[in-house]
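J.: What follows is a structure written as structure tokens; I'll ask about it next.
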Amino acid sequence: MKIRHRRLAPARAVLTVAVLGAAFLAAPSRPAQAMADPLTRCRENQRTDWHQETDVLGNGGGSLPSGTNPANVLLPGDAFVVRPLLGDRVRFGLFGPNHGPDGNLTAAPGGWPFAGLHQYSEILRFNNNPAGWVRAPAQATAFQGCQVWTEALPVRLLFYVNDPQTWDNGGQWATSLSIWRA
């Protein structure tokens, strides 16, 4: 029996290796590492899924995406950053002062287009096409850090200038939108 047992030991070892090898080959491979969530990808400055720039005119506005009736671009769960170019200036009035997208840092009184927000500033509104406004108007500069769109509706971004008389303004602000898809 000892002889027989010794002869079977190598055969058992080969059989064990064969069975383990077959099990290893048949086992499903590990799934690729799951993609990081959009907020993490934004914070790590990873490549964006969507990026566009627009000019916000001092005597009007602009939109992201650009166009006369842009489509919704920011979807629920997406991370996003709005980056107004802070060095840009718009002249308010024919010979008036120049201001960046934060305006003069003074709250606009009643009668202004966006009372309570900074005078002469770049204002951002979120709009669902076709449902309408989503959220209250806000300073465009308030969205410079990574954020997640938590609303249920997708939106486009519409920009305005908080000035009751825009016809005499000159210049523009450059603003970009980056989106990391959910």
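The values are calculated or read from the model by the stated rules, or taken from the named source; none is laboratory data. Here the structure is a predicted model, which means the values were calculated and not measured. Note that each Cβ is placed from the backbone with ideal geometry, even for glycine, and that neighbours are counted across all protein chains shown. Side chains included, ligands, DNA and RNA excluded: accessible areas come from the protein's heavy atoms. Shrake-Rupley method; radii C 1.70, N 1.55, O 1.52, S 1.80 Å.
J.: Assign one of three labels to the range 51-93, namely rounded, prolate or oblate, based on the Cα gyration tensor with a ≥ b ≥ c the square roots of its eigenvalues; rounded applies when a/c is under 1.5, prolate when it is not and a/b is larger than b/c, and oblate otherwise. List each step's numbers first, then the result.
T.: On the way: a/c = 3.23, a/b = 1.63, b/c = 1.98.
Oblate shape, in that a/c is at least 1.5 and b/c is the bigger or equal ratio.
J.: Using a 1.4 angstrom probe on heavy atoms only, work out the carbon and sulfur share of the accessible area of the range 32-182 in %.
T.: Answer for the range 32-182: carbon and sulfur cover 52 percent of the accessible area.
J.: Mind giving me the nanometre distance, one decimal, between the label points for F95 and D49, set 7 Å out from Cα along Cα→Cβ?
T.: Taking the two extended label points, one gets 5.3 nm.
J.: Please grab the % of Cα pairs in the range 38-127 that end up more than 16 Å from each other. Before the final figure, lay out each step's value.
T.: Working: 2564 of 4005 pairs.
Percent of Cα pairs beyond 16 Å in the range 38-127: 64.
J.: Continuing with the same structure: Under unit Cβ charges (Lys, Arg +1; Asp, Glu -1), what dipole magnitude, rounded to 20 debye, does the range 29-179 have relative to its Cα centre? Please report the intermediate quantities before stating the final value.
T.: Details: 10 positive and 12 negative charges, 54 e Å.
Magnitude of the dipole: close to 260 debye.
J.: Defining a contact as two alpha carbons under 8 Å apart and six or more residues distant in sequence, what relative contact order in percent does the range 79-139 show? If you can, show how the numbers build up before the last one.
T.: Working: 86 pairs, mean separation 13.3, N = 61.
Averaging sequence separation for qualifying contacts and normalising by length gives 22 percent for the range 79-139.
J.: On to the next question. Per residue, what accessible area does the range 33-96 have, given a 1.4 Å probe and all protein chains present, in Å²?
T.: Details: 3710 Å² over 64 residues.
Accessible surface, normalised per residue, equals 58 Å².
J.: How big is the range 81-129 along each principal axis, measuring the range of its Cα positions in Å and listing the largest first?
T.: 38, 28, 18
J.: Semi-axes of the range 59-182's equivalent ellipsoid from the Cα gyration tensor, sqrt of 5 times each eigenvalue, largest first, rounded to whole Å?
T.: Values: eigenvalues 131, 41, 35 Å².
After diagonalising the Cα gyration tensor, the semi-axes are 26, 14, 13 Å.
J.: Separate question: For an R0 of 22 angstrom, estimate the FRET efficiency from the Cβ-Cβ distance between L86 and T40 and round to the nearest 0.05.
T.: Efficiency, from the Cβ-Cβ distance: 0.30.
J.: Using the basic label-point model (7 angstrom from Cα toward the beta carbon), what is the A136 to A152 distance in nanometres?
T.: 2.2 nm
J.: Subtract the Cα-Cα distance of N129 and D168 from 0.36 nm times their separation in residues, and report this length gain in nm to one decimal.
T.: Values: separation 39, 0.36 × 39 = 14.04 nm, distance 3.07 nm.
Length gained, N129 through D168: 11.0 nm.
J.: Going from most exposed to least, what order do W167, W50, W173 have by accessible area with a 1.4 Å probe? Don't skip to the end; give the middle numbers.
T.: On the way: W167 175, W50 55, W173 0 Å².
Greatest to least solvent exposure: W167, W50, W173.
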